[in-house]
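The values are calculated or read from the model by the stated rules, or taken from the named source; none is laboratory data. Note that this is a predicted model, so its numbers are computed, not measured. Cβ placement follows ideal geometry from the backbone for every residue including glycine, while neighbour counts extend to all protein chains displayed.
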Amino acid sequence: MTLEEALHNNDMNDIMDSMTAYVYGRIKTIGVKDLEGKTPEDFVGEVLMKVAEGERDWSKAKCSFKDFLFGCLKSHLYNFFKSFEQKYEAELPDIESGAVPENESELKQIAIQKLKEDGADQDEIDVFECWIEDMDKPAEIAELLGKNVKEIYNITKRLERKMPKLQTQIIKFV
Amino acid sequence: MSREIKNKIDDALFNFYLEADKDTIKVSLQENIQNLVEYEKKKKKILFLAKATANRRHNESLLQLVSKFQEALLMNIEKPIAILKQLVQGNPSFALYRNLDKISKEDIIEIIKDKNFVELIEQLEEDEKKH
């Protein structure tokens, strides 16, 4: 499918809505307030123009157009936020001595404890554990937990709101 | 947070927005965007510009290809002519174009218009480098 066909045949309104919602989500998770005068929609526009100009080459992609655009957006945001994340992490207070976890498993337990303290319910903990175990697709998680995928969307939204705080609490554990 | 856990969270949220249904996305946008009318206007503008740019590039590539094939036919360059012959022979509806000597610019456009321009340009450029 050519780029013109892809832009014409896909429901670009829906795809752009999903992309914009993703940018808003990323901004919240990272905790950045100053986007250097840009709006989340601007990032979506920049990515679409990069694709239209051929800077991001759709003709070589082996996935759906939506997957391709999302991949481009993820990379675009990664480059933009890289400098913010370094600055943000550097400004965080040091973790109390003696609290540094020895391994990934211990860190996971601390993260779960912090989520519980922040009011996460069992559904949120279950979904978070799936993420940590590399199960990151809502449909897969729904199947594993025996829930409707719509429920997983709702749980994910609740969990997403807790991510900025979780990051500030344990972000310095490396 | 360890990079690994942080990346896992990022990947999970990426997949959530990639897969989430229309209603979930709509609610998410309503929570974040104050002026949805302005947002819709901006979205239309972005899409219009992207489509216009893609069409402009498409037309430029088409003309670039046509000119390369015309030049090849004029100068009897083997590889581009072989590519064109292959395209004509691969499609029965192009029987009229079998005689490449009399082929016009419009005919070439008809033959290549549905093909992958990027691939064709790459094939031709590869051949140019060899000569």
Margin query: Looking for something more than 7 Å from chain A (Cβ to nearest Cβ), more than 26 Å from A:Y78 (Cβ to Cβ), assigned to a helix (DSSP H, G or I) and of a type in the set (D, E, K, R) - is there at least one such residue anywhere in segment B:2-20?
Written below: no
Item checked: Search result, residues across segment B:34-59 that are at pLDDT below 95 and more than 27 Å from the chain's Cα centre (by Cα) -> B:Q34
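Please determine whether any residue of segment B:95-112 is assigned to a helix (DSSP H, G or I), within 26 Å of A:S64 (Cα to Cα) and within 25 Å of the chain's Cα centre (by Cα). Write out each step before concluding.
Step one: filter segment B:95-112 for residues assigned to a helix (DSSP H, G or I), giving B:95-97, B:100-102, B:105-112.
If we keep only those that are within 26 Å of A:S64 (Cα to Cα) too, we end up with B:112.
Now narrow it down to the ones that are within 25 Å of the chain's Cα centre (by Cα): B:112.
Yes, some residue in segment B:95-112 is assigned to a helix (DSSP H, G or I), within 26 Å of A:S64 (Cα to Cα) and within 25 Å of the chain's Cα centre (by Cα).
Can B:S28 be described as within 10 Å of chain A (Cβ to nearest Cβ), in contact (Cβ under 8 Å) with a residue 12 or more places away in the chain and surrounded by 12 or more Cβ atoms within 10 Å (Cβ to Cβ)? Please lay out each step first, then the result.
On the way: within 10 Å of chain A (Cβ to nearest Cβ): yes; in contact (Cβ under 8 Å) with a residue 12 or more places away in the chain: no; surrounded by 12 or more Cβ atoms within 10 Å (Cβ to Cβ): yes.
No: the conditions fail for B:S28.
Restricting to helices (runs of 4 or more DSSP H) lying wholly in segment A:1-97: which have 3 or more residues that are farther than 30 Å from B:N116 by Cα, modelled with pLDDT under 90 and within 11 Å of chain B (Cβ to nearest Cβ)? Full working, then the answer.
Values: elements: A:3-9, A:12-30, A:40-52, A:65-91.
Those helices (runs of 4 or more DSSP H) span A:12-30, A:65-91.
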Margin query: Looking at (1) over 30 Å from A:A111 (Cα atoms); (2) buried (at least 18 other Cβ atoms within 10 Å of the Cβ), which one does B:F14 not meet, given that it meets all the others?
Written below: (1)
Next item on the list: Hey, can you tell me all the residues within segment A:59-71 that are surrounded by fewer than 21 Cβ atoms within 10 Å (Cβ to Cβ) and in contact with a Leu (Cβ under 9 Å, 6 or more places away or on another chain)?
Entry: A:S59, A:F65, A:K66, A:D67
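How many residues are touching a residue at least 24 places away in the same chain (Cβ under 8 Å) and away from chain A (no Cβ under 14 Å) when one looks only at segment B:105-129? Break it down stepwise before answering.
Step one: list which residues in segment B:105-129 are touching a residue at least 24 places away in the same chain (Cβ under 8 Å), which gives B:105, B:108-109, B:111-113, B:115, B:117-118, B:120-121, B:123-124, B:127.
Filter once more, so that each one left must be away from chain A (no Cβ under 14 Å): B:105, B:108-109, B:111, B:124, B:127.
Matching residues across segment B:105-129 total 6.
Out of segment A:127-148, which residues are over 18 Å from the mean Cα position of the chain (by Cα) and assigned to a helix (DSSP H, G or I)?
First pass over segment A:127-148, keeping only residues over 18 Å from the mean Cα position of the chain (by Cα): A:142-148.
Correct list: A:A142, A:E143, A:L144, A:L145.
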